[in-house]
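Taking it in order: structure first as structure tokens, then the write-up.
Bear in mind that the values in this text are calculations on the coordinates, not laboratory data. Everything numeric in this text was worked out from a predicted model, so none of it was measured. Glycine gets a Cβ as well: all are built from the backbone with ideal geometry, and neighbour counts include every protein chain shown.
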Amino acid sequence: MTYTPPVADQSFLLEHVVKIAELSGHNAFADATPDVVDAIVRGIGEFAAAEFAPLNRIGDQLGAKWSPEGVTLPDGFKQAYQAYVDAGWGTLAGPVEYGGQGLPSTLATLVLEDLGAANMGFSLCMMLSAGSVEALKVHGSEDLQRLWLPRLITGEWTGTMNLTEPQAGSDVGALKTRAEPVGDGTYRIKGQKIFITYGEHDLAPNIAHLVLARLPDAPGGTKGISLFLVPKYRLDGDGMPGEYNDARCVSIEHKLGIHVSPTCVMSYGDDDDCLGWLIGEENGGMRAMFTMMNNARLNVGMQGVSIAERATQAAVAYALDRVQGVREARPARIIEHSDVRRMLLRMKSLTQAIRALGYYTAGQADRASLGDPAAKARADLLTPLVKAYGTDIGVEVASLGLQVHGGMGFIEETGAAQHYRDARIAPIYEGTNGIQAADLVGRKLGLEAGAVMISLLDQMDADAVGHRSLVELLKICRAAIEALAAMDPDDRLTASYPFLTLTSVVVCGWLMALQLKAAEATDDGDSSFLEMKKAAAHFYLDQVVPEAFGLAASIIAPAKVHEISDEGFAA
Ligand SMILES: Cc1cc2nc3c(=O)[nH]c(=O)nc-3n(C[C@H](O)[C@H](O)[C@H](O)COP(=O)(O)OP(=O)(O)OC[C@H]3O[C@@H](n4cnc5c(N)ncnc54)[C@H](O)[C@@H]3O)c2cc1C
């Protein structure tokens, strides 16, 4: 199954939702001229379709392989990775002083979206490198930046993110990996991390592991965590990979999906010879890691978009081809059946809605990088929505795609099953969606005493005029916020997930209404893209938004889950 990059939708969103012209009007992003942006959107789509998409099935079937010598990916992956490095796709948003192009990060988000649609498991390698660049750029010392950033930006070396340990998953504060100061500015690292994506591979000659660890006598919990750059190979006097740093992948996991992405158990300091370099302040690791995680959360949300796009394309192709039943006295292709059309339109609509939310949030992050505090607050507020709602949509759309294929969807050869299996990890990693919901009601809703959310609601109210369902859902959203404020913490957390979904639908509904307006203003009746854009927007506003009315009940009167005993659950 081939991948056709959704260039028309991507360009439409950059123009009307991100307002990229506004961004390129700023000195820092002056190079993002319309020609450059267009060349990037077209170029990365072509690249992803030609180099990454043909490897998607192979990666799923053969997967990454571990041996005591290391981890290898199937034939073809190393060459495709080198092509990515050679083409400079990793450099778009990197800082100019370290070899990046300094373009808006929204464009880098779009690059990862295309790579993820073409080959989700493979694209994780680039996504984690992008996150480590972000953490080093903001928190790394000048020395670390000079030594590591140029090669991490190009992708010559790759980066990883090491939080998880067997006893420390969602509860990062429970981690035990140790870091002892050596006395020369370095730290001796000892401990085991699990589930480390691309912790070991044969794509690049060095890996920068960003590892959370605890100093001796550090305070307990998240306040006592520091972040270290732990190389696979230490750098020699010329800044090139030298001595082995006792950072070992001891095994990789067998998983439901993303088979080509090595999920590694990493052992640091088995021979007491693993060195780390501090990033940021001692005990300030969570701050630095959050920089990386916010970037990764947005990009993981976009994985939902990627997989939804690919699953939708596959379903439409199948529905145009498969003949079943009769319509108007002749054999009918299944795309002619009302219920199949409904599923396909739902897939299109959800995919376009969440792509819009992802791009809008990335655009806010770009404005934040230009020193706009309101945009920063809005990006912070929306990031858990993109991560959780985006990945939920990825799973729903992949499931619908499988359904459109009928029995063949359950059979591996169509590829629909791979999309479904690949999609399922995204609501789990990078902070489970439950943790995103807790973050929304626990921290983000209260940003600036609630003013960040209120200003967004006010803006949406103004734009919602004429869209009855959206106006209604906005009222429900305000009532839900008031109800949450009056609740005890347990009830608030019970209501957090439905609240996150409701808020996501409100924001996506708003962005769909804006797109509908833009589409109506530009449509000359001759564009099948605009025809579908309007249909997708109407579907979202008329069908998806009203579904969210029903969430009000479970937010305003949450289930009394703590009144049931644990034994009751086990009964
Ligand atoms: C394929 C894969 C790749 C991964 N890649 C990486 C990586 O590169 N680096 C890395 O560090 N980690 C990585 N992880 C780990 C991943 O981030 C964790 O699995 C995830 O954060 C959840 O932690 P856990 O598995 O320990 O689940 P748990 O924390 O045990 O959670 C189990 C359930 O309890 C819920 N829960 C737990 N605590 C709370 C709470 N306070 N409030 C509400 N609900 C709660 C969760 O939402 C979940 O439903 C990866 C995992 C996988 C499977």
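The rows are residues; the columns are (1) touching a residue at least 24 places away in the same chain (Cβ under 8 Å); (2) more than 20 Å from Tyr359 (Cβ to Cβ); (3) outside any loop (DSSP other than H, G, I, E, B).
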position: Asp491; (1), (2), (3): yes, yes, yes
position: Gln515; (1), (2), (3): yes, no, yes
position: Asp526; (1), (2), (3): no, yes, no
position: Phe529; (1), (2), (3): yes, no, yes
position: Ala548; (1), (2), (3): yes, yes, yes
position: Glu567; (1), (2), (3): no, yes, yes
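Considering each residue of region 411-428 in turn, at least one proves to be more than 16 Å from the ligand (Cβ to nearest atom) and assigned to a loop (DSSP other than H, G, I, E, B).
A Cβ distance below 8 Å, combined with a sequence gap of six or more or placement on separate chains, defines the contacts here; from region 411-430, residues that are of a type in the set (A, V, I, L, M) reach residues that are near the ligand (Cβ under 10 Å from one of its atoms) in the pairs Ala423/Gly257; Ile425/Lys255; Ile425/Leu256; Ile425/Gly257; Ile425/Ile258; Ala426/Val300. Checking each residue in region 250-265 for being surrounded by fewer than 24 Cβ atoms within 10 Å (Cβ to Cβ) and touching a Gly at 6+ places or on another chain (Cβ under 7 Å) picks out only His259. Out of the residues in region 536-561 meeting the condition of being closer than 29 Å to Asp490 by Cβ and of a type in the set (D, E, K, R), tell me which one is surrounded by the fewest Cβ atoms within 10 Å (Cβ to Cβ). Only one residue tops the list, namely Lys560.
Here is a yes/no grid of residues against (1) in contact (Cβ under 8 Å) with a residue 60 or more places away in the chain; (2) assigned to a helix (DSSP H, G or I):
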residue: Val305; (1), (2): yes, yes
residue: Arg310; (1), (2): yes, yes
residue: Gly325; (1), (2): no, no
residue: Pro331; (1), (2): no, no
residue: Val340; (1), (2): yes, yes
residue: Tyr359; (1), (2): yes, yes
residue: Gly409; (1), (2): no, yes
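Just to be sure, is Gly131 under 17 Å from the mean Cα position of the chain (by Cα), assigned to a helix (DSSP H, G or I), of a type outside the set (A, V, I, L, M, F, W, C) and more than 9 Å from the ligand (Cβ to nearest atom)? Against the criterion (under 17 Å from the mean Cα position of the chain (by Cα), assigned to a helix (DSSP H, G or I), of a type outside the set (A, V, I, L, M, F, W, C) and more than 9 Å from the ligand (Cβ to nearest atom)), Gly131 qualifies.
Could you tell me whether any residue of region 60-83 is within 18 Å of the chain's Cα centre (by Cα), in a helix (DSSP H, G or I) and of a type in the set (Ser, Thr, Tyr)? For region 60-83, residues within 18 Å of the chain's Cα centre (by Cα), in a helix (DSSP H, G or I) and of a type in the set (Ser, Thr, Tyr): absent. Could you go through region 229-247 and let me know if any residue there is within 12 Å of the ligand (Cβ to nearest atom) and within 24 Å of the chain's Cα centre (by Cα). No - not one qualifying residue is present in region 229-247. Looking only at region 365-378, residues that are closer than 18 Å to Trp510 by Cα and surrounded by fewer than 24 Cβ atoms within 10 Å (Cβ to Cβ) come to 1 in all.
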